[in-house]
Amino acid sequence: MSDGQGSGNLKITLVRSTIGRRKDQEATVRSLGLRKLHSFVVRPDNASIRGMVLKIRHLLTVEEVEAAQGGTESAAPKRAAKTSRARKSTSSE
């Protein structure tokens, strides 16, 4: 993390478990949007996010990324959406 705050986004990855951690640290992980180990989120680079990251820095890895990659991402592959199968209509003529 460089000193230039507010310029882009931060990719925040959870690399250590919250099991056995204090409740406030676990709540901070959840408030960042992290749930599973090795999941990541992209958050704006601002003072409030950096404060949360500083609090639980021993559980995370942080990278600076371009602003164009905004949004929330997950490291796990997403499941395919369920597709509804069309019923064969049995029309009597």
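The values are calculated or read from the model by the stated rules, or taken from the named source; none is laboratory data. These numbers come from a predicted model, not from an experiment. Cβ: placed from backbone, ideal geometry, glycine included. Neighbour counts: every protein chain shown.
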*Residue by residue through region 35-65, note down the ones that are small (Gly, Ala, Ser) and farther than 15 Å from residue 15 by Cα.*
47, 48, 51
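Looking only at region 14-34, filter to residues that are charged (D, E, K, R) and either at pLDDT below 95 or part of a helix (DSSP H, G or I) (or both); which one of those is surrounded by the most Cβ atoms within 10 Å (Cβ to Cβ)? Steps first, please.
If we filter region 14-34 for residues that are charged (D, E, K, R), which is where we start, we get 16, 21-24, 26, 30.
If we keep only those that are either at pLDDT below 95 or part of a helix (DSSP H, G or I) (or both) as well, we get 23-24, 26, 30.
Values: 23: 8, 24: 9, 26: 16, 30: 11.
Result: 26.
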*Answer with yes or no whether residue 37 is modelled with pLDDT of 95 or more and in contact with a strand residue (DSSP E or B) (Cβ under 7 Å, 6 or more places away or on another chain).*
yes
*Name the pairs whose Cβ atoms lie under 9 Å apart, with the first residue in region 13-34 and farther than 15 Å from residue 54 by Cβ and touching a residue at least 60 places away in the same chain (Cβ under 8 Å), the second surrounded by fewer than 16 Cβ atoms within 10 Å (Cβ to Cβ) and of a type in the set (Val, Ile, Thr), and 6 or more positions between them or separate chains?*
13/61
